[in-house]
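> Structure provided below as structure tokens; questions to follow.
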Amino acid sequence: MCDTRGTKLLQLVLLSPPCRHGGEAIDRADAPPPPPDAAAEKDEGSQGLHLPEDIRWERLDKARFFVLGAGLFSAVSAALYPAVVLKTRLQVAPAAAAPGAAALPPSALAAATAILRREGPLAFYRGFATSLAGTVPARALYMGALEATRSAVGPAALSLGAPEPAASAAAGAAAGLAAAVAAQVVWTPVDVISQRLMVQGNPCLASHYRGGLDAFRKIVASDGLRGLYRGFGMSILTYAPSNAVWWATYSLSQRIIWSGIGCYLCEYGVGVQQIDLGDGDSSLQPGCKTVMAVQGVSAAMAGGASALVTMPLDTIKTRMQVMDGDGEPITVGRTVRRLIKEGGWAACYRGLGPRWASMSLSATTMITTYEFLKRLSDKGQ
């Protein structure tokens, strides 16, 4: 399962931009001058590093893609869920606890220790069943919109004369934007319910729920269906730019990394394998481990950049979805003023450590999982 045939070298959770159907090549002519003793070797100046062909939307077995994707991404979500719970608890932690209650410590490690000591390990999986139930339809919408948009925007940008790096970044940004908007239709109600369950132990929250269905009934009874979409606008404002930044950064990071190491891989034959093209011609293709390493580093860079840029928006969104309004309407302005009053502008970055770690780890894991999923779903395999 570790061959690189059909593996995209640029991707999303999970992407390489929609490239030419042949593998992209990094010509050895761009490499620095070889050592003097390399002059005695046979002339291989025309040999280049060919990145594996991208598996495009039309080549995927859609049923296999969505069914296997639901299982794989559910497993990844389960592994990363505790970091999401910790981030959420930190974002809604009060500046000072009510009399007789202990405030959540500001340090992520101290907060995790306090939750574990007071509430036990299961506290890190509160709301997971609700979150998992929404993962399947949300991921299906996300992946469908992502791949369809990338396959349409990339070739269109190239046909308009845009250079391939720009077309790749534009396709990634547009695909991430479309995917985020599509997924939030399902994910916002799930987010509202699961986050209410996550923060059950927070001393500043009066509401208590016995489970996802109980939370659903109480939210609808109190606020109507609009209550399930509380913070929907902020969710779009958070996840749409977050996904756009992620995919654009991921695409550019891969290109930068490959352009930096490609010539050396060709020159010294490290992490590559020779492919016979027939008629005495051959080319070099990155090995599976090399591909995964580049994808992982690019995904971590993209996840870190996205977390940093959109952290204030995520904090505001979370507080709108979770905090009580004390009889007043929940608005962006009132939420921001309350947040700044509690801890200044730095309060907008509460939970940055867990969110940065979660997004970076999630991005790295999701990308490798997603590439593996696309290979499994390739009609040609």
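> So which residues in segment 213-243 are in a helix (DSSP H, G or I), small (Gly, Ala, Ser) and open to solvent by less than 20 Å² (accessible area, probe 1.4 Å), if there are any at all?
Restricting attention to segment 213-243, the residues satisfying the condition of being in a helix (DSSP H, G or I) are 213-223, 225-229, 232-243.
Within this subset, residues satisfying the condition of being small (Gly, Ala, Ser) are 215, 221-222, 227, 233, 235, 240, 242.
Passing the criteria: ALA215, GLY227, SER235, ALA240, SER242.
> Something else: Being open to solvent by 30 Å² or more (accessible area, probe 1.4 Å), modelled with pLDDT under 70 and among the small types (Gly, Ala, Ser) is the filter here, so list the residues in segment 38-93 that pass it.
Passing the criteria: ALA39, ALA40, GLY45, SER46.
> Of a type outside the set (Phe, Trp, Tyr) and at pLDDT 85 or above: which single residue out of VAL336, VAL332, VAL322 fits that description?
One residue alone meets the criteria, VAL336.
> Could you tell me whether ALA108 is open to solvent by less than 40 Å² (accessible area, probe 1.4 Å), at pLDDT below 85 and in contact with a Gly (Cβ under 8 Å, 6 or more places away or on another chain)? Walk me through how you get there before you give the answer.
Working: open to solvent by less than 40 Å² (accessible area, probe 1.4 Å): yes; at pLDDT below 85: yes; in contact with a Gly (Cβ under 8 Å, 6 or more places away or on another chain): yes.
Yes; evaluated as a whole, the condition is true for this residue.
> Taking into account only those residues within segment 366-381 that are closer than 12 Å to ARG56 by Cβ and open to solvent by 10 Å² or more (accessible area, probe 1.4 Å), which is modelled with the lowest pLDDT? Lay out the reasoning, then the answer.
Keep residues of segment 366-381 that are closer than 12 Å to ARG56 by Cβ, which gives 374, 377-380.
Keeping just the survivors that are open to solvent by 10 Å² or more (accessible area, probe 1.4 Å) gives 379-380.
Values: LYS379: 78, GLY380: 69.
Looking at the filtered set, the residue picked out is GLY380.
> Next up: Hey, among the residues in segment 269-278 that are within 14 Å of THR290 (Cα to Cα) and not polar (S, T, N, Q), which one's modelled with the lowest pLDDT?
Checked segment 269-278; the qualifying residue modelled with the lowest pLDDT is GLY269.
The values are calculated or read from the model by the stated rules, or taken from the named source; none is laboratory data. Every value quoted in this text rests on a predicted model; they were computed, and no experiment measured them. All Cβ positions, even for glycine, are placed from backbone atoms using ideal geometry, and neighbour counts span all protein chains on display. Ligands, DNA and RNA are excluded from the accessible area calculation, which covers all protein heavy atoms including side chains. Shrake-Rupley method; radii C 1.70, N 1.55, O 1.52, S 1.80 Å.
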